[in-house]
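The values are calculated or read from the model by the stated rules, or taken from the named source; none is laboratory data. Source: prediction; values computed, not measured. Every residue, glycine as well, gets a Cβ built from its backbone with ideal geometry; the counts of neighbours run over all protein chains shown.
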Amino acid sequence: MSELFVVGISWRTAPVAVREKLAFREEEIVGTLRALVAGEPVVEALLVSTCNRVEVYGVAKPGTDATGGVRRFLAEQRGLKPAEVADVIYDHRGSSAIRHIFSVASALDSLVLGEAQILGQLKDAYGVAGGAGTSGPVLGRCLERAFGVAKRVRSETSISRGAANVSTVAVDLAKRVFNDLSGKRVLVIGAGKMSRLAARHLYTSGAQEIVVTNRSPEKAQRLADEIDAVARPWEELEQLLVGADIVISSTGAREPILTKQLFKKVAKQRKWREMFVIDIAVPRDAEPAIGEVDGVFLYDIDDLEKVVHANLAERAKAGEQAGRIVDHEAGQFEHWLRTQSVVPTIKALREHFNTIAGAELQKAVELLARKEHTPAQQREVAQRLVQLVVNKLLHAPTTALRVSAPNEAALRAAVLCELFGITPREDAERESAQSMPEGSVTESAPVKQSKAAQ
Amino acid sequence: MPAETVERLLSVAPSPAFWIAVGAYAAATAALFMVLAGRQKVRPAAIALVAMALIAHGIDISWRGTLHVHPAQSVREAIGFLSFIITGGYLLASLRYRLTIGGVVIMPIALIMLVVARLSPEGTTPEDLSTLGKIHISLATIGVGVFALASALSAIYLVEERALKNKKLDSLVFRDKGTPLEALDRMSHQLTWVGFPLFTVALILGAVWVAKLGESLDRPEYPLAAVTWFAFAGLLVARQVYGWRGRRAARLTLAGFAAAVLVLAIYLIRRIVE
């Protein structure tokens with residue numbers, strides 16, 4: 001039976017300093033996969049290398065355990081000694097590997113639970129393996145199923161609902177205030193990293209007009225260039241606030257720069273149109289009282305983080321339900337995989353039966369072609385054909401049953417009964433005993449009977 | 001339910017469509033509650049039930065029309081018609097936005113209005129109701145219906161705004177994502193613009209009608225109707241001239257609608273008393 005396996009490292013087992021050593025660049029993956037399949041007892045392989053994980057999903061040659069070899073292979077490919085990374089590399093085989101792949105695809109193993117980015121990365125990795133010619137029917141079916149499970153988990157649970165980081169929360173909140181961010185003007189006050197992140201997120205969410213202001217005009221210009229925004233002088237702050245719909249403030253000021261008094265003036269000039277203010281500075285840039293001004297919605301870093309924590313707690317709850325879905329689906333896939341292991345046997349059995357039946361049919365056809373037969377003779381030939389085929393098909397199993405060791409005979413007989421759905425007659429043993437001196441049943445006996453009939 | 005009431009109900013509303021509408025309104029309310037409780041998959045069914053209620057209600061009104069019962073023939077009929085307009089407006093708006101919280105409030109109100117319309121006594125419906133009177137009642141009904149929708153959106157605005165200000169993001173109003181404040185404000189504004197001219201014409205025709213009938217103008221509903229008109233006129237001026245938006249505009253919308261409800265209530269009570 002082909003066994004699925006997983007070998008790799010992830011954020012759970014290794015810090016980024018180790019993960020980056022084992023990471024593969026996109027252009028290296030095809031060559032690596034081909035080398036893996038050529039050098040190890042691996043028939044199918046896929047390599048996924050992201051910032052949070054480097055994993056090989058593969059199918060080992062029947063009867064072999066490929067995980068040890070793949071561990072070594074991964075380390076050597078990156079110029080490391082296997083012992084150096086032995087503690088951080090994990091492996092899974094069989095059902096554990098299937099469950100792991102399904103969990104990864106469903107974002108249950110992601111650093112941020114439910115972060116769907118991994119699904120796209122897995123799909124890309126599957127595409128690369130296809131291009132390298134290293135993905136096959138088992139891995140292919142497993143990945144396709146994993147994508148289906150991920151879709152099911154996303155639609156049936158709330159694992160991906162609710163923003164999981166501060167800048168996404170800020171955008172979500174802005175969308176509760178504004179119908180469409182595309183026509184909104186964003187004012188970024190200060191030039192900190194958080195401002196950059198939030199502004200970029202708003203930009204990708206549709207906000208087209210971003211203005212940056214900072215006490216240092218150079219810093220404002222630098223940030224503006226980085227995020228495709230316009231820099232304006234600090235002295236214009238009040239006018240800029242009047243024109244802004246979303247304000248992100250993240251300065252290093254020790255005292256609040258956005259006061260209630262200022263916002264009362266601003267709100268009046270804006271005719272109390274809605275204004276969303278995100279204060280991500282510590283110490284805070286905005287006086288909490290500005291949230292009392294009509295039309296102004298103020299959220300500071302604590303408010304945003306509270307939302308993140310609440311969303312993550314919700315996701316964790318959904319994770320339990322998602323885990324049950326993954327378990328169920330993994331069980332079903334494992335069952336399918338097990339049935340696949342008997343497919344070659346079923347094929348061989350059919351071929352064997354067809355060969356025997358075909359050969360006997362050919363003989364019968366030739367016999368009938370030699371001269372004309374009466375209907376009774378034709379019937380006799382057909383009967384003989386059937387008898388011959390049955391005897392030939394049963395010859396090997398019945399012989400094996402008769403010559404088997406006493407401790408195996410009962411088991412084999414029981415298996416045959418189950419496979420053919422038969423129940424031995426109670427008097428069959430007595431009849432068998434009477435026929436013992438005449439020897440075992442072979443195809444010759446019916447042939448003789450047949451000849452006699454002719 | 002007293003036998004007399006049942007008899008009255010059956011005598012005025014034997015249309016099967018009425019019963020279907022009542023069932024669909026009740027089922028839509030229950031379904032919208034389920035959506036609000038987190039069962040998002042029920043949402044399409046809830047909207048379908050609202051549509052079903054609207055269609056059945058429309059058929060009931062049409063059926064009554066075939067029996068020469070005009071939807072603006074009396075206050076009772078007008079209340080049923082008003083409920084129909086509100087439901088239609090809600091259905092249209094909810095095709096674009098998630099207004100579950102609004103539906104949870106509007107659907108039971110629409111149901112109550114429909115049942116009240118059919119249960120309340122016919123009163124002294126003038127058999128000689130003139131065309132002028134019919135147009136007046138029709139326009140006033142449609143105008144108030146549109147104001148009712150604008151007010152419902154303003155009410156949702158105020159609830160959402162309060163929740164956002166107080167950072168109560170797990171509030172019931174956000175269970176079904178909610179509708180952006182800006183969209184609520186804009187829709188309410190647009191509806192006010194639609195309702196105001198209708199209501200204005202209705203008011204003028206009403207005054208002409210009353211003058212023609214030679215009735216006294218000292219009834220309380222007349223100044224209240226004027227208050228309603230002034231409230232909505234003031235709202236439009238505040239929005240257009242002074243640029244009022246958000247909370248202030250929402251409060252003024254609700255104040256105007258409260259006056260309109262008072263007018264309707266006085267009419268209804270008068271008919272019952274008479």
Any chance A:D302 is exposed (fewer than 14 other Cβ atoms within 10 Å of the Cβ), within 14 Å of chain B (Cβ to nearest Cβ) and out of contact with any Leu (no Cβ under 8 Å at 6 or more places or on another chain)
yes
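Among the listed residues A:R270, A:R350, A:R338, A:R324, which satisfies the condition of being of a type in the set (K, R) and either within 12 Å of chain B (Cβ to nearest Cβ) or surrounded by 19 or more Cβ atoms within 10 Å (Cβ to Cβ) (or both)? Steps first, please.
Details: A:R350 fails: either within 12 Å of chain B (Cβ to nearest Cβ) or surrounded by 19 or more Cβ atoms within 10 Å (Cβ to Cβ) (or both); A:R338 fails: either within 12 Å of chain B (Cβ to nearest Cβ) or surrounded by 19 or more Cβ atoms within 10 Å (Cβ to Cβ) (or both); A:R324 fails: either within 12 Å of chain B (Cβ to nearest Cβ) or surrounded by 19 or more Cβ atoms within 10 Å (Cβ to Cβ) (or both).
None of the others qualify; the one that does is A:R270.
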Within the stretch A:106-120, residues assigned to a helix (DSSP H, G or I) and more than 14 Å from A:S10 (Cα to Cα) come out as A:Q117, A:L119, A:G120
For the stretch A:395-411, what are the residues that are loosely packed, with under 15 Cβ neighbours inside 10 Å and assigned to a helix (DSSP H, G or I)?
A:A396, A:P397, A:T399, A:A400, A:R402, A:V403, A:P406, A:N407, A:E408, A:A409, A:A410, A:L411
Restricting to the stretch B:29-75, give me the number of residues that are crowded, with 16+ Cβ neighbours inside 10 Å, within 30 Å of B:G206 (Cβ to Cβ) and of a type in the set (V, I, T).
4
Quickly run through the stretch A:217-265 and pick out the residues that are among the aliphatic types (A, V, I, L, M), within 14 Å of chain B (Cβ to nearest Cβ) and over 17 Å from A:S195 (Cβ atoms).
A:V242
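In the stretch A:305-320, which residues are more than 13 Å from chain B (Cβ to nearest Cβ), in contact (Cβ under 8 Å) with a residue 40 or more places away in the chain and surrounded by fewer than 16 Cβ atoms within 10 Å (Cβ to Cβ)? Before you say what the answer is, go through the steps one by one.
So in the stretch A:305-320, the residues more than 13 Å from chain B (Cβ to nearest Cβ) come out as A:312, A:315-316, A:319-320.
Of the ones still in play, those that are also in contact (Cβ under 8 Å) with a residue 40 or more places away in the chain are A:312, A:315-316, A:319.
A:A316 - this is the single residue of the stretch A:305-320 that is more than 13 Å from chain B (Cβ to nearest Cβ), in contact (Cβ under 8 Å) with a residue 40 or more places away in the chain and surrounded by fewer than 16 Cβ atoms within 10 Å (Cβ to Cβ).
On the basis of being crowded, with 24+ Cβ neighbours inside 10 Å, within 14 Å of another protein chain (Cβ to nearest Cβ), more than 30 Å from B:Y97 (Cα to Cα) and at pLDDT 85 or above, does A:F276 make the cut? Working first, answer last.
Numbers: crowded, with 24+ Cβ neighbours inside 10 Å: yes; within 14 Å of another protein chain (Cβ to nearest Cβ): yes; more than 30 Å from B:Y97 (Cα to Cα): no; at pLDDT 85 or above: yes.
No.
Quick check, is B:L132 touching a residue at least 12 places away in the same chain (Cβ under 8 Å), of a type outside the set (G, A, S) and within 25 Å of B:I109 (Cβ to Cβ)? Step through it out loud before you land on a result.
Working: touching a residue at least 12 places away in the same chain (Cβ under 8 Å): yes; of a type outside the set (G, A, S): yes; within 25 Å of B:I109 (Cβ to Cβ): no.
When the stated conditions are applied, B:L132 does not pass them.
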Yes or no: A:A60 out of contact with any Lys or Arg (no Cβ under 6 Å at 6 or more places or on another chain) and modelled with pLDDT of 90 or more?
yes
May I ask you to list the residues in the stretch A:89-144 that are touching a Ser or Thr at 6+ places or on another chain (Cβ under 6 Å), β-branched (V, I, T) and under 14 Å from A:L47 (Cα atoms)?
A:I118
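What residue, among those in the stretch A:196-231 that are closer than 18 Å to A:L181 by Cα and modelled with pLDDT of 85 or more, is surrounded by the most Cβ atoms within 10 Å (Cβ to Cβ)?
Narrowing the stretch A:196-231 to residues closer than 18 Å to A:L181 by Cα: A:196-212, A:227-230.
Adding the requirement that they be modelled with pLDDT of 85 or more leaves A:209-212, A:229-230.
Values: A:E209: 16, A:I210: 23, A:V211: 21, A:V212: 29, A:A229: 22, A:V230: 12.
Result: A:V212.
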Keeping to the stretch B:174-210, report how many residues are facing chain A (nearest Cβ under 10 Å) and either surrounded by fewer than 22 Cβ atoms within 10 Å (Cβ to Cβ) or aromatic (F, W, Y) (or both).
6
Close pairs from the stretch A:393-406: first modelled with pLDDT of 90 or more, partner of a type in the set (D, E, K, R), Cβ under 8 Å, at least 6 apart:
A:H395/A:E443
For A:E292, indicate whether it is within 12 Å of chain B (Cβ to nearest Cβ), farther than 19 Å from A:R200 by Cα, surrounded by fewer than 22 Cβ atoms within 10 Å (Cβ to Cβ) and modelled with pLDDT of 85 or more.
yes
Step by step: first the residues of the stretch A:155-191, then only those that are within 14 Å of chain B (Cβ to nearest Cβ), polar (S, T, N, Q) and within 34 Å of the chain's Cα centre (by Cα), then the one that is farthest from A:R315 (Cα to Cα). Which residue is that?
A:T168
I'm told B:V237 meets every condition in (1) part of a helix (DSSP H, G or I); (2) surrounded by 19 or more Cβ atoms within 10 Å (Cβ to Cβ); (3) within 14 Å of chain A (Cβ to nearest Cβ) except one. Can you identify the failing condition by its number?
(2)
Residue ID - surrounded by the fewest Cβ atoms within 10 Å (Cβ to Cβ), chosen from residues in the stretch A:1-55 that are assigned to a strand (DSSP E or B) and β-branched (V, I, T):
A:V43
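Determine, yes or no, whether A:V282 is among the aliphatic types (A, V, I, L, M) and at pLDDT 90 or above.
Details: among the aliphatic types (A, V, I, L, M): yes; at pLDDT 90 or above: no.
Answer is no for this residue.
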